[in-house]
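Asker: My questions will all concern the structure given below.
The values are calculated or read from the model by the stated rules, or taken from the named source; none is laboratory data. Being a predicted model, the structure only gives us computed values, none of them experimental. Counting neighbours? That spans all protein chains shown, and the Cβs are built from the backbone with ideal geometry, glycine included.
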Amino acid sequence: MRSAKVAAGLLVLVLAGCGVGDPPSSQEPPDRQDAARETTSSQAATFPVEIEHKYGTTVVEEKPERIVTLGLSDQDVVLALGVRPVGAIDWFKERPYGLWPWTKDLWGDQPPEIVGERDDYNFEKILNLKPDLILAQYSGMSEQQYVELSKIAKTVGQPKGFDDYGAPWQDMARLAAKAMGMSAALDEKIAALDEKFAAIRDEHPEWKGRSVAVVDPYEPGKLVAFQETDPKAAFLEELGFEVPEEINEAARDSKDNNAVELSSERFDMIDRDLLVVLTFDPAAVRQALDANPVWQGLAAVKDGRVLYVPYSEPAIGAALSFNTVISIPYAIDQFVPLLEKS
């Protein structure tokens, strides 16, 4: 069985064939991307640039033009900076170039070549794309893969000092932006999101310090609870909530390190001030959970402090799972109103 992160956290994003909502109004269409590039070009770094990452230091001598992204969500920051990757990874058949409402228009009529699935890369396809930069931040890229990829093009691995899939989104995005020579442009976007989160926290002081458990009931009688480093839980903490240390420690001690599997007899661990349930079918999952006597006995369930959130239609759970510079605005617009009503 794969780790909880892959088997549950990633598997839940199998949205092939599912529709999603319209792109957020703040998303720029493809015909404005040239203007965006002109705006950000004045903020570009002087090359060469040195990027420190998990597997060493990569020196990028000149501004890259053909970028391949191998992290599950790495394409988002590249698109946010006005560049379309020529190659990208398929995250359980989710068609990164056409499915998500926060990126769909940015791809326009230039979809990327799919060069692998999760951490299984097709080196021949990558080589044929003739990239001048390969990014693998939100990934489990091994050192051997890094060595082989570095023979093809300049390669930037995961942020140093963090477990795979455990770095803050800002750290991952900054590595990509630095390699692209666009750190200043990214910093502006991060600052804008920091201000937006701060404004929401100011509007909702009642959320500060409230405990939250973010879970995915991936099979009957079992669920996974995500620790604070997981993108979904990290988003809730940006709003002021706190993931209990009991969940964090259990996840760190698990085989996955980012989430912990819980059977019914340990559902007490998720009985918190707020319980967020991520699922494809909220109605069906709620019916199934309500049939579980242990679930029914949780104080959060009795008091109505459970929020069921869909992964798709609308793609709220997917946006929380990506937690990138361009999925976060969509997640805020869609998720915060649900919280306010709960």
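Asker: Do the conditions hold for LYS160, that is, is it in contact (Cβ under 8 Å) with a residue 12 or more places away in the chain, part of a loop (DSSP other than H, G, I, E, B) and at positive phi? Give the steps one after another, and end with the answer.
Answerer: Values: in contact (Cβ under 8 Å) with a residue 12 or more places away in the chain: yes; part of a loop (DSSP other than H, G, I, E, B): yes; at positive phi: no.
No, not satisfied.
Asker: Give the residue that is modelled with the lowest pLDDT, with candidates limited to residues of region 58-80 that are of a type in the set (A, V, I, L, M, F, W, C) and out of contact with any helix residue (DSSP H, G or I) (no Cβ under 6 Å at 6 or more places or on another chain).
Answerer: Among those that are of a type in the set (A, V, I, L, M, F, W, C) and out of contact with any helix residue (DSSP H, G or I) (no Cβ under 6 Å at 6 or more places or on another chain), it is LEU72.
Asker: On the given criteria, is VAL301 at pLDDT 95 or above and over 19 Å from PRO337 (Cβ atoms)?
Answerer: Criteria met by VAL301.
Asker: Quick check on region 163-173. Is at least one of its residues within 17 Å of the chain's Cα centre (by Cα), surrounded by 14 or more Cβ atoms within 10 Å (Cβ to Cβ), farther than 27 Å from GLU62 by Cα and aromatic (Phe, Trp, Tyr)?
Answerer: yes
Asker: Given the options PRO314, PRO205, name the one that is of a type outside the set (A, V, I, L, M, F, W, C), farther than 23 Å from GLY166 by Cβ and modelled with pLDDT under 95.
Answerer: Sole residue among the options that is of a type outside the set (A, V, I, L, M, F, W, C), farther than 23 Å from GLY166 by Cβ and modelled with pLDDT under 95: PRO314.
Asker: Could I ask something else about it? Please find, within region 148-169, the residue that is farthest from LEU236 (Cα to Cα) out of those that are out of contact with any Pro (no Cβ under 6 Å at 6 or more places or on another chain) and among the small types (Gly, Ala, Ser).
Answerer: Top of the filtered list is SER150.
Asker: From ALA288, ALA251, ALA315, ALA319, grab the single residue that is aliphatic (A, V, I, L, M) and surrounded by fewer than 19 Cβ atoms within 10 Å (Cβ to Cβ).
Answerer: None of the other options fit; the residue is ALA288.
Asker: How many residues are among the aromatic types (Phe, Trp, Tyr) and either in contact (Cβ under 8 Å) with a residue 60 or more places away in the chain or in a helix (DSSP H, G or I) (or both) if we restrict to region 229-253?
Answerer: Summing the residues that are among the aromatic types (Phe, Trp, Tyr) and either in contact (Cβ under 8 Å) with a residue 60 or more places away in the chain or in a helix (DSSP H, G or I) (or both) in region 229-253 gives 1.
Asker: Report every pair of residues separated by at least 6 positions or lying on different chains whose Cβ atoms are under 6 Å apart, first residue within region 302-318 and within 9 Å of LEU278 (Cβ to Cβ), second of a type in the set (Ser, Thr, Tyr).
Answerer: Cβ pairs passing all conditions: GLY317/TYR311.
Asker: Let me ask another. Looking at GLY87, GLY116, GLY157, GLY140, can you tell me which residue is at pLDDT below 95 and of a type outside the set (Asp, Glu)?
Answerer: On inspection, the qualifying residue turns out to be GLY116.
Asker: Which pairs have Cβ atoms under 6 Å, sit 6 or more apart or on different chains, and link a residue in region 320-342 that is within 21 Å of TRP207 (Cβ to Cβ) to one that is in a helix (DSSP H, G or I) and not hydrophobic (A, V, I, L, M, F, W, C)?
Answerer: Here the result reads LEU320/LYS232; SER321/PRO231; SER321/LYS232; ASN323/PRO231, each pair linking region 320-342 to a residue that is in a helix (DSSP H, G or I) and not hydrophobic (A, V, I, L, M, F, W, C).
Asker: Just to be sure, is ALA173 closer than 24 Å to GLY87 by Cα, among the small types (Gly, Ala, Ser) and touching a helix residue (DSSP H, G or I) at 6+ places or on another chain (Cβ under 7 Å)?
Answerer: For ALA173, the condition - closer than 24 Å to GLY87 by Cα, among the small types (Gly, Ala, Ser) and touching a helix residue (DSSP H, G or I) at 6+ places or on another chain (Cβ under 7 Å) - is met.
Asker: Among the candidates ALA198, ALA213, ALA191, which residue alone is within 27 Å of GLY161 (Cα to Cα), crowded, with 18+ Cβ neighbours inside 10 Å and of a type outside the set (Lys, Arg)?
Answerer: Criteria check complete, one pass: ALA213.
Asker: Do we find that ALA176 is touching a residue at least 24 places away in the same chain (Cβ under 8 Å) and surrounded by 20 or more Cβ atoms within 10 Å (Cβ to Cβ) in this structure?
Answerer: It is true that ALA176 is touching a residue at least 24 places away in the same chain (Cβ under 8 Å) and surrounded by 20 or more Cβ atoms within 10 Å (Cβ to Cβ).
Asker: Find the residue count for region 219-228, including only residues that are assigned to a strand (DSSP E or B) and either of a type in the set (A, V, I, L, M) or within 14 Å of GLY166 (Cβ to Cβ) (or both).
Answerer: 4
Asker: May I ask you to list pairs of residues, at least six apart or on different chains, whose Cβ atoms are under 7 Å apart, with the first in region 45-65 being farther than 12 Å from ALA153 by Cβ and the second being aromatic (Phe, Trp, Tyr)?
Answerer: TYR55/TYR146; GLU62/PHE47; LYS63/PHE47
Asker: Let me ask something else about it. Sort through VAL147, VAL224 and tell me the only one that's within 30 Å of VAL277 (Cβ to Cβ) and of a type in the set (A, V, I, L, M).
Answerer: Criteria check complete, one pass: VAL224.
This table checks each residue for (1) closer than 17 Å to ARG210 by Cα; (2) among the aromatic types (Phe, Trp, Tyr); (3) in a helix (DSSP H, G or I).
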position: ASP256; (1), (2), (3): no, no, no
position: ARG266; (1), (2), (3): no, no, yes
position: MET269; (1), (2), (3): yes, no, yes
position: VAL276; (1), (2), (3): yes, no, no
position: ALA288; (1), (2), (3): no, no, yes
position: VAL294; (1), (2), (3): no, no, yes
position: GLU313; (1), (2), (3): no, no, no
position: PRO329; (1), (2), (3): no, no, yes
position: ASP333; (1), (2), (3): no, no, yes
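Asker: A follow-up question, please. Restricting to region 254-276, give me the number of residues that are touching a residue at least 60 places away in the same chain (Cβ under 8 Å) and crowded, with 22+ Cβ neighbours inside 10 Å.
Answerer: 7
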